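In what follows, a single structure is set out as structure tokens and then discussed.
The values are calculated or read from the model by the stated rules, or taken from the named source; none is laboratory data. Keep in mind it's a predicted model, so treat the numbers as computed, not measured. For neighbour counting, all protein chains shown are included, and Cβ atoms are generated from backbone atoms with ideal geometry for every residue, glycine included.
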Amino acid sequence: MNLRRAGNGLSSYVLSAERVLAGERRVLDEESFRRMLSLERKRAERSGKAFLLMLLDIGTSNSATQSNGKGLENIVSTLMVTTRETDITGWYQGRMVVGVMFTELIIDEKDSILSTMLERVTNVLRGNLTFEQFNQIGISFHLFPDDWNHESGQRPSNATLYPDLIERDESRRPFRVMKRVMDIIGSFVALVFLSPLFLMVASAIKLTSRGPVLFRQNRIGQHGKPFLFLKFRSMHANNDAREHREYVKKLIAGTAEKQQSNGKDNGVYKLTKDSRVTRVGSFLRRTSLDELPQFLNVLQGNMSLVGPRPPVPYEVEAYDLWHRRRLLEAKPGITGLWQVNGRSKVKFDDMVRLDLRYARTWSPWMDLKILLRTPSAVVLGEGAH
């Protein structure tokens, strides 16, 4: 259910409701509640225990404001008394939407949890409000972790569970506009100046193996939304991805062994003896020339010049919950901190930490520094194969 914006008619009732105490418990203000929501997500990612966010929207019309205002203190008092001490109550939005987090739930009992909570809250509200007041209340439930369905083509992550990330994006709006301008100009210039190289690579691929020049694959972008990812084809057409899928599962689980990389270093966390790769494709991968068509993805807005690498769906299926944050906090990119800090020589968890560090500390200046470091990383071929 979409949350409705409300006016300030309830301010006096809201202030009194915020002072409602049940033992040592209190109703958190909006900033504190959203901070607790962020912390609870991280706690749930580590513990594997779900939590349920319930939102009560008290309406927007003037008549509803007056009638619901008189019952608001009663609603909050009742919620505080009927919920557990470990549950968290506070203002979610604009002092007009009350939120309750029911913590440490067993995720396998999702359907029964939702039906039980709905029945309990409905009975509590009906017992403490008039019929008119009850009809003005909007109730919605949001379970974390949320199910991601990449086949729908829509954003699978529930934005309601991530108000802190939305707020952060809004605070960075001028910088995000600057980043998008850099992406458009940079990708357009690259496509124009590198067009002769595009033709050379395309000809080499076409002359040495059967199949299309471009490799198209569904990848997972920001917020878990899928998009069509482009590369120069470096593998034989119609190949079997099972070996790569199994290695990726081991890599994410932390059990993958390093593979030999031309004897130049201690190995990389990547399949280096991949029978699917053509001779030309091997060269393209070592030099990162296979990545050039991704400038089209950047121009389309699915990717950025700088950001985390976009995974394939079966990688995301193997993720731990905290790994998902790399997809939620930044748009995927052609290059990033991972590429200029060892690339495939870095373990998967460390790669995720680099992506999260980038998302937290991102600035246009950081993007510029990463872009300037990328050519040397490509020439040296560190971690590439």
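A few notes on this one:
- Only one entry of Arg353, Arg309, Arg324, Arg276 meets the criterion of being basic (Lys, Arg), in contact with a His (Cβ under 7 Å, 6 or more places away or on another chain) and surrounded by 15 or more Cβ atoms within 10 Å (Cβ to Cβ), and that entry is Arg276.
- The set of residues from the range 196-222 being closer than 30 Å to Glu151 by Cβ, surrounded by fewer than 19 Cβ atoms within 10 Å (Cβ to Cβ) and not β-branched (Val, Ile, Thr) comprises Arg210, Gly211, Pro212, Leu214, Phe215, Arg216, Gln217, Asn218.
- Of all the numbered requirements in (1) surrounded by fewer than 14 Cβ atoms within 10 Å (Cβ to Cβ); (2) assigned by TED's automatic domain parsing to the domain that holds Arg286; (3) not small (Gly, Ala, Ser), Phe131 misses one, and that requirement is (2).
- Inter-residue pairs, beta-carbon under 7 Å, first more than 15 Å from Ile113 (Cβ to Cβ) and modelled with pLDDT under 90 and in the range 139-159, second in a loop (DSSP other than H, G, I, E, B) and among the polar types (S, T, N, Q), 6+ apart: Trp148/Ser157; Pro156/Asn149
- Qualifying residue in the range 171-189 (condition: modelled with pLDDT of 95 or more and among the acidic types (Asp, Glu)): yes
- Of the residues making up the range 280-299, not a single one is at pLDDT below 90, under 24 Å from the mean Cα position of the chain (by Cα) and among the aromatic types (Phe, Trp, Tyr).
- Residue in the range 154-187 that is nearest to Gly333 (Cα to Cα), counting only those that are exposed (fewer than 15 other Cβ atoms within 10 Å of the Cβ) and aliphatic (A, V, I, L, M): Ile184
- Some residue of the range 3-13 being of a type in the set (A, V, I, L, M, F, W, C), modelled with pLDDT of 90 or more and under 25 Å from Ala159 (Cα atoms): no
- When residues of the range 327-350 are limited to those that are among the aliphatic types (A, V, I, L, M) and over 26 Å from Asp146 (Cβ atoms), the one surrounded by the fewest Cβ atoms within 10 Å (Cβ to Cβ): Val346
- Consider the range 292-306 and keep the residues that are buried (at least 18 other Cβ atoms within 10 Å of the Cβ) and not hydrophobic (A, V, I, L, M, F, W, C). The one that is farthest from Pro364 (Cα to Cα) is Pro293.
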